[in-house]
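Bear in mind these aren't lab numbers, they're just calculated from the coordinates by the rules spelled out. All values reported here derive from a predicted model rather than from experimental measurement. With ideal geometry, Cβ positions are generated from the backbone for all residues, glycine too; neighbour counts draw on all protein chains shown.
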Amino acid sequence: MKYVCDACEWVYDEEKGYPEGGIAPGTKWEDIPDDFECPICSAGKDMFSEA
């Protein structure tokens, strides 16, 4: 599953994770901490939609 930031369109891909941010490949969106912020624009997790 992929999730896109509504503010800047950065995409989080569960398959790839976000290793640069300490999120391992295969990490489900619901398992990411609620205080996660978009690495590009700092939008909160609530600003992401299913892609």
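Does the stretch 21-44 contain at least one residue that is in contact with a Ser or Thr (Cβ under 8 Å, 6 or more places away or on another chain), among the hydrophobic types (A, V, I, L, M, F, W, C) and not in a loop (DSSP other than H, G, I, E, B)? No, every residue in the stretch 21-44 fails to be in contact with a Ser or Thr (Cβ under 8 Å, 6 or more places away or on another chain), among the hydrophobic types (A, V, I, L, M, F, W, C) and not in a loop (DSSP other than H, G, I, E, B).
Matching residues to (1) under 9 Å from the mean Cα position of the chain (by Cα); (2) of a type in the set (A, V, I, L, M); (3) surrounded by fewer than 11 Cβ atoms within 10 Å (Cβ to Cβ):
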residue: 9; (1), (2), (3): no, no, no
residue: 14; (1), (2), (3): yes, no, no
residue: 18; (1), (2), (3): yes, no, no
residue: 26; (1), (2), (3): no, no, yes
residue: 31; (1), (2), (3): no, no, yes
residue: 40; (1), (2), (3): no, yes, no
residue: 43; (1), (2), (3): no, yes, no
residue: 47; (1), (2), (3): no, yes, no
